[in-house]
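Here's the structure we're looking at; comments come further down.
The values are calculated or read from the model by the stated rules, or taken from the named source; none is laboratory data. These figures come from a predicted structure and were not determined experimentally. Counting neighbours? That spans all protein chains shown, and the Cβs are built from the backbone with ideal geometry, glycine included.
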Amino acid sequence: MKRREFLQKGTLVGSTLLLNTKSLANPFMGKPKSVIIIGAGFSGLAAAKKLKEAGVSVTILESRNRIGGRVFSHKPEMGNGQVIEFGAEWVGNSHERIIQLCKDFGLELQNNQFETDLLLNESHFKQGQWSFSPEMEAFWKEKTALWEKISKAQKQKLDRMDWWRFLSMKGFSDRDIQLRELIDSTDFGESIRHTSAYAAYAEYAESSEKNEMDLKIKGGNATLAGKLAEVIGQDNILLNHTVLSINQVAKNEVTVNCENGKTFSAEKLICTVPTFSLLKINWNPVLPQITLDALHELQYARIGKFPIVFSQRFWEREDFDMVTDTPAHYFYNGTKNQAGTNGVLMCYAIGEKADTLASVSKKQRSEIILNALKPAFGDVKKYVKEELMYYWGQDKYSAGAYAFYGKDKWFDVMPTLKKPFKNVHFAGEHLADWQGFMEGAINSGEDAAQEISGY
Ligand SMILES: Cc1cc2nc3c(=O)[nH]c(=O)nc-3n(C[C@H](O)[C@H](O)[C@H](O)COP(=O)(O)OP(=O)(O)OC[C@H]3O[C@@H](n4cnc5c(N)ncnc54)[C@H](O)[C@@H]3O)c2cc1C
């Protein structure tokens, strides 16, 4: 049973009813004439597109001076027009909605899979030269079939355990667990010692073979944001509009005040902002205590991307990536499928490692990253053209890359945060089964639009 189906069964956990968002569909007599959407990330854009198709007037209010939110494609100055992703990178083969949207808009999805090298104890193992134990390989092969046999009650128990403990209890070797820590923590953005075993197992059981690291949109993932904005109408998306307060005192009306002094009213509102931003908004009336508690409980992963533009692609293989046991953590070719002799190697770090790389001096950061490449490639300093960094732990609006479901949160916090509050509905990647993905953001935005309009 998939996570989505699981939640849709409306399971009771303690006193909390797990709400099926679809069961809330159109609790209102008619569709509203106007809806305000806060946030022009994929969730807000997807919601707006759906509402527009239903004939509802939409206004998106967005803090940043760009659309896309955590989808953030960037052209490095020294990159000869190449595009890298500071935020979301991969589209998964199982991510049906985003694949469909790309198809609808004529956007090309290019293969962005990698074959992974390993750097452990300063020894470099090329892809194909290292592996897990036969026991771990066998478990990984069987994991989906095993998952399907686990009962609902057992799955809920798994949520109270971390992924590291689950693997340890299964008796895997220290080396296997160390490798799983290095690899799986890149997916969750924090150590697997903190990741819910349910969230981890569910994601891997339902993912494509490469854990949804399959495709990338040609020209950058932000091109999809641009296409969505065209359909919604650029005039309906107001940038540099930070919402400070949401007032729902009058019946069937919601009014918002923005930092720039502007005020907007509509019948309904969809709030797609990450919890960090949501807690900064003044709510009148105030949010229910159970919602506030859930907002405080949900953590976000610390991910930093530290790309380096090199004058040549010394890594040679276009499908090169490498997991390491160094603070630089993980490297991949950020310019796969892009023309040019130069290229960008993306250094991707999580948790404490990302925090450290972001806080040390530029010189120290450069040394840490280049030293991590030495066992595989020698000294590559001579090829460096530009060093960049985007640390999501310090992003002004999300203070993290994506929601991080630690122990005992999935079945409690998520359904609480999904509950509408008067005329306000909630969406965003943190509320989706494909949580942490663009697909999840799109699904949750479309679900919220459907709840409101019945369309
Ligand atoms: C480093 C990193 C790597 C990732 N890798 C992948 C990947 O490989 N594949 C994948 O599918 N996904 C990946 N993701 C996740 C993906 O980016 C997100 O799931 C998705 O983009 C979230 O969309 P959203 O609309 O829910 O939120 P957001 O994109 O955060 O949109 C919310 C918007 O609300 C705005 N906002 C906040 N507060 C206010 C306010 N008060 N008033 C007005 N506007 C406000 C914000 O500026 C933002 O634009 C990654 C994310 C990061 C950061």
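Going by the structure shown, is GLY440 within 13 Å of the ligand (Cβ to nearest atom) and without any contact (Cβ under 8 Å) to a residue 12 or more places away in the chain? It would help to see each step written out before you state the result.
Numbers: within 13 Å of the ligand (Cβ to nearest atom): yes; without any contact (Cβ under 8 Å) to a residue 12 or more places away in the chain: yes.
When the stated conditions are applied, GLY440 passes them.
Taking the residues in the range 81-100 that are farther than 26 Å from ALA339 by Cβ and outside any loop (DSSP other than H, G, I, E, B) as candidates, determine which candidate is farthest from the ligand (Cβ to nearest atom). Step through it out loud before you land on a result.
Going through the range 81-100, the residues farther than 26 Å from ALA339 by Cβ turn out to be 94-97, 100.
Add one more test, that the residue is outside any loop (DSSP other than H, G, I, E, B), and what stays is 96-97, 100.
Numbers: GLU96: 13, ARG97: 11, GLN100: 14 Å.
Going through the qualifying residues, I end up with GLN100.
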Of the conditions (1) within 27 Å of GLN154 (Cβ to Cβ); (2) not in a loop (DSSP other than H, G, I, E, B), ARG175 clears all except one; give me its number.
(1)
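Given the residues LYS305, LYS268, LYS336, LYS280, which is the only one that is basic (Lys, Arg), assigned by TED's automatic domain parsing to the domain that holds SER444 and either farther than 24 Å from ASN443 by Cα or in contact with an Asp or Glu (Cβ under 6 Å, 6 or more places away or on another chain) (or both)?
LYS280
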Among the residues of the range 168-179, are any in contact (Cβ under 8 Å) with a residue 40 or more places away in the chain, among the small types (Gly, Ala, Ser) and surrounded by 22 or more Cβ atoms within 10 Å (Cβ to Cβ)?
no
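From the list ASP176, ASP159, exactly one residue is touching a helix residue (DSSP H, G or I) at 6+ places or on another chain (Cβ under 8 Å), closer than 21 Å to ASP325 by Cβ and not assigned by TED's automatic domain parsing to the domain that holds ASN333. Which is it?
Numbers: ASP159 fails: closer than 21 Å to ASP325 by Cβ.
Just a single option satisfies the conditions, and that option is ASP176.
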Selection from the range 298-317 of residues in contact with a Ser or Thr (Cβ under 9 Å, 6 or more places away or on another chain) and among the charged types (D, E, K, R) yields ARG313
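For every residue, the table says whether it meets (1) assigned by TED's automatic domain parsing to the domain that holds ILE270; (2) among the basic types (Lys, Arg); (3) over 20 Å from LYS155 (Cβ atoms).
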site	(1), (2), (3)
LYS409	yes, yes, no
THR416	yes, no, no
HIS425	yes, no, yes
GLY428	yes, no, yes
TRP434	yes, no, no
GLU439	yes, no, yes
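Do you know which residues across the range 105-163 are part of a strand (DSSP E or B) and free of Cβ contacts under 8 Å to residues at least 40 places away in the same chain? Steps first, answer last, please.
At the first step, the residues of the range 105-163 found to be part of a strand (DSSP E or B) are 109-111, 115-120, 123-125, 162.
Matches in the range 105-163: PHE125 only.
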If I ask for residues that are assigned to a helix (DSSP H, G or I), farther than 26 Å from GLU89 by Cα and not hydrophobic (A, V, I, L, M, F, W, C), which ones from the range 387-417 would you list?
PRO415, THR416
From the option list ASN423, ASN371, single residue qualifying as in contact (Cβ under 8 Å) with a residue 12 or more places away in the chain, of a type in the set (S, T, N, Q) and surrounded by fewer than 19 Cβ atoms within 10 Å (Cβ to Cβ) is ASN371
Just to be sure, is LYS409 over 14 Å from the mean Cα position of the chain (by Cα) and either hydroxyl-bearing (Ser, Thr, Tyr) or closer than 21 Å to CYS271 by Cβ (or both)?
yes
Is one or more of the residues making up the range 380-391 crowded, with 20+ Cβ neighbours inside 10 Å, within 16 Å of the ligand (Cβ to nearest atom) and within 18 Å of SER277 (Cβ to Cβ)?
no
From the set of residues in the range 422-437 that are more than 21 Å from PRO32 (Cβ to Cβ) and assigned to a loop (DSSP other than H, G, I, E, B), which is nearest to the ligand (Cβ to nearest atom)?
PHE437
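Identify, from the list THR324, THR291, the residue that is more than 20 Å from the chain's Cα centre (by Cα), surrounded by 14 or more Cβ atoms within 10 Å (Cβ to Cβ) and under 26 Å from MET78 (Cβ atoms). Steps first, answer last, please.
Details: THR291 fails: under 26 Å from MET78 (Cβ atoms).
THR324 is the lone residue from the list that is more than 20 Å from the chain's Cα centre (by Cα), surrounded by 14 or more Cβ atoms within 10 Å (Cβ to Cβ) and under 26 Å from MET78 (Cβ atoms).
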Let me spell it out: the conditions are (1) surrounded by 21 or more Cβ atoms within 10 Å (Cβ to Cβ); (2) near the ligand (Cβ under 7 Å from one of its atoms), and PRO76 meets all of them except one. Which number is the exception?
(2)
Residues of the range 299-323 being farther than 19 Å from LYS210 by Cβ and either away from the ligand (no atom under 12 Å from the Cβ) or out of contact with any strand residue (DSSP E or B) (no Cβ under 9 Å at 6 or more places or on another chain) (or both), in sequence order, are GLN299, ILE308, VAL309, PHE310, SER311, GLN312, ARG313, PHE314, GLU316
